[in-house]
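All remarks here apply to the structure that follows.
Nothing in this text is a laboratory measurement; each read-out follows from the coordinates by a stated rule. Here the structure is a predicted model, which is why all the values come from computation and not from measurement. Note that we place each Cβ from the backbone using ideal geometry, even for glycine, and neighbour counts take in every protein chain shown.
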Amino acid sequence: MTGTQPRQVKSTRRKRSARHPIYWPTWFGLGVFYVLTFLPWSAKRAISAALGQFIYYVIPIRRRVVLTNLRLAFPRKTDPELRRLARAHYRSLALGLFETCAAWWEPSDKLPPYRIIGREHLEEALASGEGALVLTAHVTLLELGARIVNEQLPFCALYRDPNNPVVADIMRRSRENHLRLAIPFEDLRGLVRTLKQGNIVWYAPDQGKRTKMSEILPFFGEPAITNVATSRIAKMSGCRVVPYFAHREPDGCYILEALPPMDNFPSGDHTADAVRVTKFIEERVQQHPEQYFWVHKRYKQRGDGYPDVYQ
């Protein structure tokens, strides 16, 4: 496959230049993290633990969103248990900053220790020529997990540029350096074409957004807008759907696990397939709940008759 560059999605909004003074704090913060990237991982874990606690108590960015999500997802947990989980999540988010910077800038021989389980499922998908949609979810170590797997196997991935142009530019350069191909999130035809060419594509459909391919379905038992496109993409491309999840162990080792391709998928019932995808994500999130991306307003759109839980 030729080294096609990521196609940029045009926006009708006028965007400020990345050199605009409003983004100088971003440049400064990224400069600090660039320097810290080259610290030992033991030091980065210690700093992130303190930074996560500091942000939780002193700069409570989206703390209410996190606690609301956790209360809805884990109704049996007591309030002290939920707050402990929220604090652990903030520590995981802080470590995720270091992991993202490592994915961007760290040399391959300096990446943290890791194990890839089920690599044969990805290799078989590549060898078959059918392509594979690697089904995963948004976890705090997502960028680093993608970088590690891409060190072993050529990967493609969907992407959506963040609003901050400084971060968007750096992420774009990282994708061009480490991925076989980056596909704009809105480019469904490009995604299907890439899969038909026999590629492996990283795909995380767990963040809700109202589109033509979304429905209100349960997420941890609570209604939420849900992407139902996974089985449609599989049907259009004829690819395999390989479940995948990553987590970090307490000792600092990263576990990246690919499971056998889903059987009878797509089934012909897009809603039932989406419920199946959601169940897989729920089961994996429950194993390491602090590492899931709870800062996203997952329950923002819940259907008629439901109040806005984030107000």
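Table: residues versus (1) in contact with a Lys or Arg (Cβ under 6 Å, 6 or more places away or on another chain); (2) more than 17 Å from LEU135 (Cβ to Cβ).
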| site | (1), (2) |
| --- | --- |
| SER214 | no, no |
| PRO223 | yes, yes |
| ALA234 | no, no |
| CYS239 | no, no |
| ALA246 | no, no |
| GLY252 | no, yes |
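Starting from residues that are charged (D, E, K, R) and assigned to a helix (DSSP H, G or I), keep the ones in the range 166-187 and report whichever is farthest from CYS156 (Cα to Cα).
Only one residue fits best here, namely ASP169.
Looking at (1) of a type in the set (Ser, Thr, Tyr); (2) closer than 27 Å to ARG276 by Cα; (3) surrounded by fewer than 20 Cβ atoms within 10 Å (Cβ to Cβ), can you tell me which one SER174 breaks?
With (1) of a type in the set (Ser, Thr, Tyr); (2) closer than 27 Å to ARG276 by Cα; (3) surrounded by fewer than 20 Cβ atoms within 10 Å (Cβ to Cβ) applied to SER174, the lone miss is (2).
Could you please find all residues in the range 129-141 being hydrophobic (A, V, I, L, M, F, W, C) and surrounded by fewer than 21 Cβ atoms within 10 Å (Cβ to Cβ)?
none
I'd like to know if the range 246-259 contains one or more residues that are basic (Lys, Arg), over 28 Å from GLY96 (Cα atoms) and surrounded by 17 or more Cβ atoms within 10 Å (Cβ to Cβ).
No, that holds for no residue.
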